[in-house]
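The values are calculated or read from the model by the stated rules, or taken from the named source; none is laboratory data. Just so it is clear, the structure is predicted and the values come from calculations on it, not from any experiment. Glycine also receives a Cβ, built like all others from the backbone with ideal geometry; neighbour counts cover every protein chain displayed.
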Amino acid sequence: MSFNLTSEQIDIQKAAREFARGEFTKWAREADEKEYCPEVLYKQAAELGFQGIFFPEEYGGAGLGYLEFCLVIEEFWRVDPGIGQSLGSVVFGSDLLLTFGSEEQKKKYLPPITEGEAIMAAAITEADAGSDVTAVATRAVLDGDEWVINGTKMFITNGNLADYIILYCLTDPDNPSRHQRHSCIMVETDRPGFSANKIHGKMGIRASDTAELSLTDLRVPKENLIGERGEGFAQFMAFFNRTRLHIAAQGIGVAQGALDMATRHVKNRVQFGRPLAALQAVQFKIAEMATKVEASRSLLYRAASLADQGIFDHKLIAMAKWTAGETGVRVTDEALQLHGGYGYLAEYDIERFYRDAKIVELYEGTKEVEKQVIARVILGKA
Amino acid sequence: MKIAVFVKHVPDVAEADLEVAADGRTLKGAGLPFEMNEWDRFALEEAVLIKDEVGGDLTAFLIGDEAAEESLRRCLAVGADRAVRLWDEALSGANPFEIAAAMRGAVGDDNYDLILCGAQSSDYGYGMGGPLLAEALGINSVALVNKMKVEGSKVLVTRELEGGWGEEVEVNLPAVISIQTGINEPRYVSILGIKKARKKPIDVLDGAGVDLSSEGGKLVVESLQAPPLGEGAEFLEGSPEEVAERCLALLKEAGGVL
């Protein structure tokens, strides 16, 4: 078992770090304040090859793995979580398409993403269906050669920006198994009956777009079904095994960024005639934070590298995601504490990181859901 | 056109504090993050721009150990066609004359029309590599160049002088040009570039063959010290606006600047 990154992985990590440091920092504060991510960044990220890292080359991707994608996400979030999420989520939903889509669908939908011509999304959550995805009520009914879709979706990343969205719909309400009632359908957002409303006032990752979707007699060809009808639940469970890797990388990135800031601050800030870093209480804090980050990182890299070998370890991935989320929240909290009163001011980036970190414990499965997944693998369905 | 660029792998001073090693004469390298020397990034970008404009091939050179190869991979990722690394343990802590001899050795019998390098390095900052290499090769040299254009067998350059002045110089090729920062905007490394770099060759030359015997004594570092802390240093605290205001007041008070 090798724990060393390859030289190519190191180069990718550095490329992402340089791009993020060079460009995100120009926009980060404004992007947070005004709740948007500048178009120029989407364009640059695509030109530099950061979109579609884990897509095979035949779909315009880099043909690399989840580990490489995680390295990029980590570096992006380390510099600015809001912009990191905006650029990292351009491919959101593609994992499902790659795993279950037809050859035709992959050829149609994936290359424009890598070229910076399209943004994707995946929509599951509804006002009354969050962690319980089997409660999703958005209805898709087959009418001749078309699906007719009606319903609403909540908290949809890229809802206003996406060119196409994978929609999790109720297609077979009468199926005796509640895990076989839903299907995934690709919806182009320029079709009549689609509307999106931006959700304002998020606590963190404010640069990233979030929307409420409304679908009214929206019609798509029946070929837009992804994979088999009634397999939506199983598909999304497989999907989460992939996207939780991305999210874990976010938690580690935001934590590392906060640790970087705290380290700089305690070395420079002089109190009682000495830098804060000379105080043992401060040293212990830094040591604890750094250890948490490294431990979370080890778990994620192991899970991601297994995924790249085709082994999606449900339990390990859930552990990596939960731990990374907690590390993000705890380390940003400690980093802010070390900044004292300054950390409470918007002109210090740690204030933003503190707000940004929380989402990692909420989306793509709350930390409680992750723990449930872990326990179920260990204990079975008790 | 045959173009070469020399790059150096140096400690990333933005990330880590430099410390003097136990010998008292060199910098401690262990455990520090390293990256390509800032000046060399501009030299590399200029070399790639020239190659794109006039055609030809670009070879990247580096004097350094295997870990330093990262900077050569960067060269390959942004457009160099091949890379050459020369190293020998004897070059560890070498003076600029010895490094220039190694650079000369790495170039060998290949006749390059244009050789670019950074005006100086961010670690020791001698700024001698380019001119000494030109001397060793017996070709023209211009240092501190902040603008350049290749025209046929000549290159038109602007050299940076004190006080914002520039000097325009026309040089016949072959020549070594030392590049100042700000001459261009170095590009970011792309994922595709990194993948392409993997397929390009990095030749490794044994530096043991380079004769350093006449160079060693030309410059001997006796000791290296961090600058002493100045007397009466004052840390300005407060919001950026308050700090700026106080700064302005202090400069006015001191006179001569504002």
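Points worth noting:
- Looking across the stretch A:320-333, the residues that are surrounded by fewer than 20 Cβ atoms within 10 Å (Cβ to Cβ) and over 30 Å from residue A:134 (Cα atoms) come down to A:330, A:333.
One line per residue, one yes/no per condition, for (1) part of a loop (DSSP other than H, G, I, E, B); (2) in contact with a Leu (Cβ under 8 Å, 6 or more places away or on another chain); (3) aliphatic (A, V, I, L, M):
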{"residue": "B:169", "(1), (2), (3)": "no, yes, yes"}
{"residue": "B:177", "(1), (2), (3)": "no, yes, yes"}
{"residue": "B:192", "(1), (2), (3)": "no, no, yes"}
{"residue": "B:200", "(1), (2), (3)": "yes, yes, no"}
{"residue": "B:232", "(1), (2), (3)": "yes, no, no"}
{"residue": "B:237", "(1), (2), (3)": "yes, no, no"}
{"residue": "B:245", "(1), (2), (3)": "no, no, no"}
{"residue": "B:252", "(1), (2), (3)": "no, yes, no"}
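- Members of the stretch B:100-137 that are hydrophobic (A, V, I, L, M, F, W, C) and touching a helix residue (DSSP H, G or I) at 6+ places or on another chain (Cβ under 6 Å): B:100, B:102, B:103, B:116, B:117, B:119, B:128, B:132, B:133, B:136
- Residue match in the stretch A:123-131 (condition: closer than 26 Å to residue A:43 by Cβ and of a type in the set (Gly, Ala, Ser)): yes
Rundown of residues vs (1) at pLDDT below 95; (2) touching a His at 6+ places or on another chain (Cβ under 6 Å), yes/no style:
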{"position": "B:53", "(1), (2)": "no, no"}
{"position": "B:64", "(1), (2)": "no, yes"}
{"position": "B:95", "(1), (2)": "yes, no"}
{"position": "B:110", "(1), (2)": "yes, no"}
{"position": "B:128", "(1), (2)": "no, no"}
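- Tally of residues being without any contact (Cβ under 8 Å) to a residue 12 or more places away in the chain and either in contact with a Cys (Cβ under 6 Å, 6 or more places away or on another chain) or within 14 Å of chain A (Cβ to nearest Cβ) (or both) across the stretch B:65-99: 0
- Qualifying residues in the stretch B:139-197 (those that are acidic (Asp, Glu) and under 20 Å from residue B:40 (Cα atoms)) - the one nearest to the other protein chains (Cβ to nearest Cβ): B:185
- Lone qualifier among A:64, A:71, A:87, A:97 - being in contact (Cβ under 8 Å) with a residue 40 or more places away in the chain, buried (at least 24 other Cβ atoms within 10 Å of the Cβ) and away from chain B (no Cβ under 14 Å): A:97
- Filtered residue count, the stretch B:202-223, keeping only those that are surrounded by 15 or more Cβ atoms within 10 Å (Cβ to Cβ) and either among the aromatic types (Phe, Trp, Tyr) or outside any strand (DSSP E or B) (or both): 4
- Taking the stretch A:305-349 as the range and being over 29 Å from residue A:281 (Cα atoms), part of a helix (DSSP H, G or I) and free of Cβ contacts under 8 Å to residues at least 40 places away in the same chain as the test, the residues that pass are A:306, A:316.
- The stretch B:101-129, residues that are surrounded by fewer than 23 Cβ atoms within 10 Å (Cβ to Cβ) and hydrophobic (A, V, I, L, M, F, W, C): B:107, B:128
- Looking at the stretch A:42-100, the helices (runs of 4 or more DSSP H) lying wholly inside it that each contain 2 or more residues that are within 21 Å of residue A:324 (Cα to Cα) sit at A:66-79, A:81-88.
- Hey, residue B:65 surrounded by fewer than 22 Cβ atoms within 10 Å (Cβ to Cβ) and within 26 Å of residue A:48 (Cβ to Cβ) or not: no
- Criterion: in contact (Cβ under 8 Å) with a residue 24 or more places away in the chain, among the aliphatic types (A, V, I, L, M) and over 30 Å from residue A:7 (Cα atoms) - qualifying residue of B:197, B:233, B:226: B:226
- Meets criteria (touching a Gly at 6+ places or on another chain (Cβ under 8 Å) and assigned to a helix (DSSP H, G or I)) for residue B:71: yes
- Of the residues screened, residue A:77 is not one that is modelled with pLDDT of 95 or more, within 24 Å of residue A:328 (Cα to Cα) and in contact with a Pro (Cβ under 7 Å, 6 or more places away or on another chain).
- Strands (runs of 3 or more DSSP E) wholly inside the stretch B:1-46 that include at least 3 residues being among the acidic types (Asp, Glu) and either surrounded by 15 or more Cβ atoms within 10 Å (Cβ to Cβ) or at negative phi (or both): none
- Any hit, the stretch A:276-294, residues being under 17 Å from the mean Cα position of the chain (by Cα) and not β-branched (Val, Ile, Thr): no
- Residue in the stretch A:38-54 that is within 24 Å of residue A:261 (Cβ to Cβ) and away from chain B (no Cβ under 14 Å) present: yes
- On the stretch given as the stretch A:345-368, residues that are out of contact with any Leu (no Cβ under 7 Å at 6 or more places or on another chain), hydroxyl-bearing (Ser, Thr, Tyr) and surrounded by 17 or more Cβ atoms within 10 Å (Cβ to Cβ) total 2.
- Residue selected from the stretch B:227-258 under the condition within 14 Å of chain A (Cβ to nearest Cβ) and of a type in the set (Gly, Ala, Ser), by the criterion farthest from residue A:271 (Cα to Cα): B:244
- Residue satisfying condition, being at negative phi, crowded, with 23+ Cβ neighbours inside 10 Å and outside any strand (DSSP E or B), within set A:264, A:244, A:229, A:302: A:244
- Residue, nearest to residue A:88 (Cα to Cα), within the stretch A:21-30, restricted to residues that are of a type outside the set (Lys, Arg) and at the interface with chain B (Cβ under 10 Å from one of its Cβ atoms): A:23
- Tally of residues being of a type outside the set (A, V, I, L, M, F, W, C) and modelled with pLDDT under 90 across the stretch B:2-22: 4
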